[in-house]
1. Report every pair of residues separated by at least 6 positions or lying on different chains whose Cβ atoms are under 8 Å apart, first residue within segment 82-100 and over 26 Å from THR152 (Cβ atoms), second basic (Lys, Arg) and modelled with pLDDT under 75.
2. Search segment 1-47 for residues being surrounded by fewer than 10 Cβ atoms within 10 Å (Cβ to Cβ) and not in a helix (DSSP H, G or I), and hand back the single one that is modelled with the highest pLDDT.
Amino acid sequence: MPPTIWPAVWAAISATFSAMAAIVLMVVHLRNRADSVRPEIILEDWSYFRPAATGEPFGGLGVIRINKVRNEGKGPALHMRGQITIPGAKYIDAGGPFGVFSHDPVPIISPGARLDVDWCARFQWKGAVVDNFLPLHLTLFVADLHGRRHETTYELIATKDNNVAGVTPLVPGLYLTRRHSAVMSVLRLRLLVRGIRLVRDTSYPQLLTAMA
């Protein structure tokens, strides 16, 4: 009787499914490990000053203040800093508006902790696409214990009046349209840093030569 190949086939199928199960378990473990140290930053105690030529602080500029920061994640938030941008705006050289986020970087916030801060974002209305309101993106950059960078973005709308429907009001005149987060892995962050160093090392000597 000729030997059958079915035992070998079933053994190969069993080994394949075992390998797939091992990969799934590894992915689940890595995700659980990442979530165990993930910070989640919440901004609280907002205030907003509408831009005006006179009679308000920093005349001619819109001013947003944030006085409390809270970490609702499972891990500590490390080396927190932020920036404010105006999406869709023209460049400053072309007459577009600018935004400045004045704040002291926070070295660490423990899970469940709340921190008093004095953060201030100032922005121009000059060059805005629509005169009555201005979209703003307030982005926070935070590192976790595994070295990954978390980016949390508050998409805001600052207005000169209080009539904006369908969005969440933070304070009169300032609205939250969306809040979202993204994670940059350690490998991607290292590649980004190497790219920045490469551009710096190649461009700086050329700049010195041009200035000579």
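The values are calculated or read from the model by the stated rules, or taken from the named source; none is laboratory data. The shown structure was predicted, so the numbers you read here are calculated from the model rather than taken from an experiment. Every residue, glycine among them, receives a Cβ derived from its backbone with ideal geometry; neighbour counts consider all protein chains shown.
1. Sorted first by the residue in segment 82-100, then by its partner, the pairs are GLY95/LYS126.
2. That would be ILE5.
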